[in-house]
Amino acid sequence: MIGVFDSGYGGLTILRAFLDNLSEYDYFYLGDSARTPYGNKSLNTIYEYTRQAVAFLFNQGAILIILACNTASAKALRRIQQEWLPIHYPDRRVLGVVIPLAEAAVEASRYGRIGVIGTRATIESRVYEQELHKLDAGLKIYSQACPLLVPLVEEDWVGKPETNMILKKYLHPLKSKRIDSLILGCTHYPFLKKGITRIMGKNCHVMDAPRIVAEKLADYLKRHPEIEQRLEKKGRYIFVTSDDPKRFKAFGDKFLGRRITDVQNISF
Ligand code: DGL
C-alpha cells in the first residue's frame, strides 16, 4: 500500500488527488491530529513526530510513503531519507511534496520570479529556495509565512471578508515583487486558491498542488517498477488518526471531498 502522512486532515487534499488519478492503489492515511499543528513547532519535534508516523506506516505494510504535509517534508524528510531509512527499511521509500512542487513551479514560471507561501516552519526551513535554486540558480524567489491561514481554513472561514483581508496582507509583498508563479506550500491552501488567484491577478500562475503531486507520483511509479510492482492494487483505503475519529471524520469528509466511513484511532 501507499502510506500518506499528514499532521492532521490537510493531507486529505493530496489523497483526494491520488484517489481521483491513481485510484487502483491501496492507501493508508495517517493524520496526527492529536499533535497538529506542526507548522509552529521546532525542527526536532517535527522530525521526531514524522519519524514515528513513518515507522507506524511501514509497520502497517506501506512500501512507499508520501509526506503530504509540507512542514514534515520541509523539516524531516531529508534526515529520514538519509539517516533513518537506510538502517531500518532500505528497500522502501519516503517522498515529500517539496521537490514536485518546486519542479512544477520552474516549468510554469515565465520570468523566473517565484513566490512561496507556507507555515512558519516551512518558510523558515528555506527548503523551497534550496530546491528551486538547485533547478535554476538564477531564479528570484520570494517567500511568505502565513501562520493564520491553517486555522482560518479549519474554522471554515474561507471566503469571509476577514480571511480575504488577511490574505491580501500576506500576499501584498509577493504581488509587489511581480511574481509569475506561486507555490501553495501547505496542505490547507488549496481551499483558499480562489481568493488567492483573485488577489494575485492574471499575471501570476497559482499552482494546483494536489494535482501536481499526484502527477509526479504517477511519473515516479512509472520510473520505479521495483516499487510499483510491490504495491497492492485493490483500490482500498484506510484512515487512522491519533485523535478523536469522529472529529477526524467530520473534517475529513470536507477535505477529501467524499464520505469517510471508517476511521481508526492510534496513539503514539
Ligand atoms: N499540514 C501542514 C502543512 O502542510 C499544515 C498544518 C500544520 O501546521 O500542521 O504544512
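The values are calculated or read from the model by the stated rules, or taken from the named source; none is laboratory data. From a predicted model like this one, the values you see are computed outputs, not experimental measurements. Counting neighbours? That spans all protein chains shown, and the Cβs are built from the backbone with ideal geometry, glycine included.
Within the range 1-28, the only residue that satisfies the criterion of being more than 10 Å from the ligand (Cβ to nearest atom), of a type in the set (Val, Ile, Thr) and in contact with a helix residue (DSSP H, G or I) (Cβ under 6 Å, 6 or more places away or on another chain) is Val4. Just so you know, in the range 119-149 the residues that are of a type in the set (Val, Ile, Thr) and not in a helix (DSSP H, G or I) include one that is nearest to Glu107 (Cα to Cα), and it is Ile141. Taken as a whole, the range 14-25 holds at least one residue that is buried (at least 22 other Cβ atoms within 10 Å of the Cβ), within 16 Å of Ser73 (Cα to Cα) and under 15 Å from the mean Cα position of the chain (by Cα). The set of residues from the range 91-118 being of a type outside the set (Asp, Glu) and part of a loop (DSSP other than H, G, I, E, B) comprises Arg92, Gly96, Val97, Ser109, Arg110, Tyr111, Gly112. Of the residues Tyr9, Tyr25, Tyr29, Tyr38, the single one that is part of a loop (DSSP other than H, G, I, E, B), closer than 19 Å to Lys216 by Cα and touching a residue at least 40 places away in the same chain (Cβ under 8 Å) is Tyr25.
When Ile65 is tested against (1) farther than 23 Å from Leu221 by Cβ; (2) away from the ligand (no atom under 12 Å from the Cβ); (3) assigned to a strand (DSSP E or B); (4) hydrophobic (A, V, I, L, M, F, W, C), only condition (1) is not met. Hey, any hits in the range 177-186 for a residue that's out of contact with any Gly (no Cβ under 9 Å at 6 or more places or on another chain) and either away from the ligand (no atom under 14 Å from the Cβ) or small (Gly, Ala, Ser) (or both)? Yes; the residues of the range 177-186 include at least one that is out of contact with any Gly (no Cβ under 9 Å at 6 or more places or on another chain) and either away from the ligand (no atom under 14 Å from the Cβ) or small (Gly, Ala, Ser) (or both). Regarding Glu215, is this residue of a type in the set (D, E, K, R) and either more than 18 Å from Ala102 (Cβ to Cβ) or more than 17 Å from the chain's Cα centre (by Cα) (or both)? Considered against the rule, which asks whether it is of a type in the set (D, E, K, R) and either more than 18 Å from Ala102 (Cβ to Cβ) or more than 17 Å from the chain's Cα centre (by Cα) (or both), Glu215 comes out as no.
When Arg93 is tested against (1) away from the ligand (no atom under 15 Å from the Cβ); (2) surrounded by fewer than 24 Cβ atoms within 10 Å (Cβ to Cβ); (3) more than 23 Å from Lys222 (Cβ to Cβ), just one condition goes unmet, and that condition is (3). Restricting attention to the range 48-85, the residues that are surrounded by 20 or more Cβ atoms within 10 Å (Cβ to Cβ) and charged (D, E, K, R) total 1. Each residue in the range 187-201 was checked for being within 16 Å of the ligand (Cβ to nearest atom), of a type in the set (S, T, N, Q) and more than 18 Å from Ala102 (Cα to Cα), and 0 of them qualify. For the range 155-268, the helices (runs of 4 or more DSSP H) that sit wholly inside it and include 3 or more residues that are modelled with pLDDT of 95 or more and surrounded by 15 or more Cβ atoms within 10 Å (Cβ to Cβ) are 161-176, 193-200, 209-223.
Scanning the range 29-46 for residues that are more than 11 Å from the ligand (Cβ to nearest atom) and either in contact with a Phe, Trp or Tyr (Cβ under 9 Å, 6 or more places away or on another chain) or charged (D, E, K, R) (or both) yields a count of 4.
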